[in-house]
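Read the structure below first, then the notes.
The values are calculated or read from the model by the stated rules, or taken from the named source; none is laboratory data. None of the values given here were measured: they were computed from a predicted structure. Neighbour counts are summed over all protein chains in view; Cβ atoms, including those assigned to glycine, are modelled from backbone coordinates with ideal geometry.
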Amino acid sequence: LNLSGSSPEEVCAGAFEHLPSLRQLDLSHNPLVNLSAFAFSGSNASFSAPSPLVELMLNHIVPPDDRRQNRSFEGMVAAALRAGQALRGLQRLELASNHFLYLPRDVLAQLPGLRHLDLHNNSLVSLTYVSFRNLTHLESLHLEDNALKVLHNGTLAELQSLPHVRVFLDNNPWVCDCHMADMVAWLKETEVVQGKARLTCAFPEKMRNRALLELNSSHLDCDPILPPSLQTSYVFLGIVLALIGAIFLLVLYLNRKGIKKWMHNIRDACRDHMEGYHYRYEINADPRLTNLSSNSDV
């Protein structure tokens, strides 16, 4: 059933439950405002029979006003994919060109039969929270044209554990610094990644267009930063100094009357001293006052 570009904005619960022989469904190029969590099953996924769907195409379905918020995927598509066991027989899932920033946790947990997953031309920045562990039948994973900067050890281990998978990683802005070392080592050993010789660095500037397979540990460095323990020490020192300053100000505030009286006493003492000094200066400067002072002494 090809509904691509037919402009539906809503897919209700159980919309396809009366099509028991439906194997392929294409809803691509429709800006879906509402996709029910039970769109591919009955009104209650817990009690309905599994969907007969084998292939599901949902390319370019995020409405234009939602592309920066990533809410359509989390609120609609992910809920539909996780609804009970309705899509356990799904073998192909296409989610390309949807501007997705991330994949929600456990979004693929109910798709154990998946063989082909297409996520190309999105804006994925990380795969940290998604697990491929249960996709033991996965044969192809398309991640081209995303915003991936590095794949971390957890993701690398999961991909390596899949016996039949081929991964496509072209046209991602790989950041070739010290965090890339594990991925580079993995790329040199694995046969999972297709076209790995084409993968190049995007950042930093000095590494731009360098092939990942040509890098070694001497190329992968990070700007010097304080070690975490030293950073913690400085934070603690800052807190202590702030507390001391606050206590000092509190003491000054509580003793403000005494401090004011002390300042007045100092001011009066200084004024008396200066007046005596000024008087002696005038006597020494005027001879008549000096003689008068001498006669008075006699």
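Any idea which residue in the stretch 94-110 is nearest to the chain's Cα centre (by Cα), counting only those that are among the hydrophobic types (A, V, I, L, M, F, W, C) and modelled with pLDDT under 95?
Here is the first cut: in the stretch 94-110, the ones among the hydrophobic types (A, V, I, L, M, F, W, C) are 95-96, 100-101, 103, 107-109.
Adding the requirement that they be modelled with pLDDT under 95 leaves 100-101, 103, 107-109.
Numbers: 100: 14, 101: 10, 103: 13, 107: 18, 108: 21, 109: 23 Å.
Going through the qualifying residues, I end up with 101.
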*asked:* Against the conditions (1) modelled with pLDDT under 80; (2) of a type in the set (Ser, Thr, Tyr); (3) outside any helix (DSSP H, G or I), where does residue 217 fall short? Just the number, please.
replied: (1)
*Residue selected from the stretch 23-36 under the condition within 27 Å of the chain's Cα centre (by Cα) and surrounded by 19 or more Cβ atoms within 10 Å (Cβ to Cβ), by the criterion nearest to residue 63 (Cα to Cα)*: 32
*Can you tell me which residues in the stretch 116-150 are surrounded by 18 or more Cβ atoms within 10 Å (Cβ to Cβ), part of a loop (DSSP other than H, G, I, E, B) and touching a Lys or Arg at 6+ places or on another chain (Cβ under 9 Å)?*
130, 135, 138
*Right, residue 190: under 20 Å from residue 210 (Cβ atoms), surrounded by fewer than 15 Cβ atoms within 10 Å (Cβ to Cβ) and modelled with pLDDT of 95 or more or not?*
yes
*Output the number of the condition that residue 222 fails; it satisfies all remaining conditions of (1) at pLDDT below 90; (2) outside any loop (DSSP other than H, G, I, E, B); (3) within 17 Å of residue 182 (Cα to Cα); (4) hydrophobic (A, V, I, L, M, F, W, C).*
(2)
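Any residue at all in the stretch 151-158 that's in a loop (DSSP other than H, G, I, E, B) and crowded, with 16+ Cβ neighbours inside 10 Å?
Within the stretch 151-158, the subset in a loop (DSSP other than H, G, I, E, B) is 151-152.
Among the residues that remain, those that are also crowded, with 16+ Cβ neighbours inside 10 Å are: 151.
Checking the stretch 151-158: at least one residue is in a loop (DSSP other than H, G, I, E, B) and crowded, with 16+ Cβ neighbours inside 10 Å.
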